[in-house]
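Worksheet for the structure shown next.
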Amino acid sequence: MGKMKQLYIDMLNDHWEGDPDEYLRIKTRESEITKSEILCPNCLTDMLIQENQVDLNCVCCGFNFVKINHNTIRYK
Ligand SMILES: [Zn+2]
């Protein structure tokens, strides 16, 4: 419960104007998922989010990718 309250305070501080559930989802993802060093090859806007050992996702365009090896990915 304390964590939820903290998130609510963060939401006010960020001046979030969207859906509170959306904010919580983003914050939860941020804490559990790490950003990779790979730039999204689809929109070239942001680094891909690494969901686990093989799955990568772009938060900008929403495309999913699979890691083939250290620096090679392909569309899922
Ligand atoms: Zn993208």
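Once you list every other residue whose beta carbon is under 9 Å from the beta carbon of TYR23, what net charge do they have if Lys and Arg are +1 and Asp and Glu are -1? Local net charge: -3. Net length available on complete extension from VAL54 to THR34 is 5.9 nm, with 0.36 nm assigned per residue and the Cα-Cα distance removed. Short-range pairs are left out: with C-alpha atoms under 8 Å and at least six residues apart, the relative contact order of the chain is 15 percent. Computed over neighbours whose Cβ is under 15 Å from that of ARG74, the net charge equals +1, Lys and Arg +1, Asp and Glu -1. So, counting K/R as plus one and D/E as minus one, what does the shell of residues with Cβ under 14 Å around CYS61 add up to? Overall, the nearby charge balance is 0. For ILE49, the amide hydrogen comes within under 5 Å of the amide hydrogens of SER36, ASN57, CYS58, VAL59, counting only partners 5 or more places away or on other chains and with H modelled in the peptide plane.
With a simple spin-label model that places each label point 7 Å from the Cα along the Cα-to-Cβ direction, the separation between LYS5 and VAL66 comes to 4.6 nm. For the chain, report the translational diffusion coefficient in µm²/s to the nearest whole number, using Stokes-Einstein at 37 °C, 0.692 mPa s, and a Kirkwood Rh over Cα pairs. Using the Kirkwood radius from Cα pairs, D works out to 239 µm²/s.
Counting 0.36 nm for each residue step from ASN13 to THR45 and taking away their Cα separation leaves a gain of 8.9 nm. For the range 33-76, a simple Cβ point-charge model (Lys and Arg +1, Asp and Glu -1, everything else neutral) yields a dipole of about 120 debye relative to the Cα centre.
Bear in mind that the values in this text are calculations on the coordinates, not laboratory data. As the structure is a computational prediction, the values presented were derived from the model and not from experiment. Using ideal geometry, Cβ is built from the backbone for each residue, glycine included, and neighbour counts are taken over all protein chains shown.
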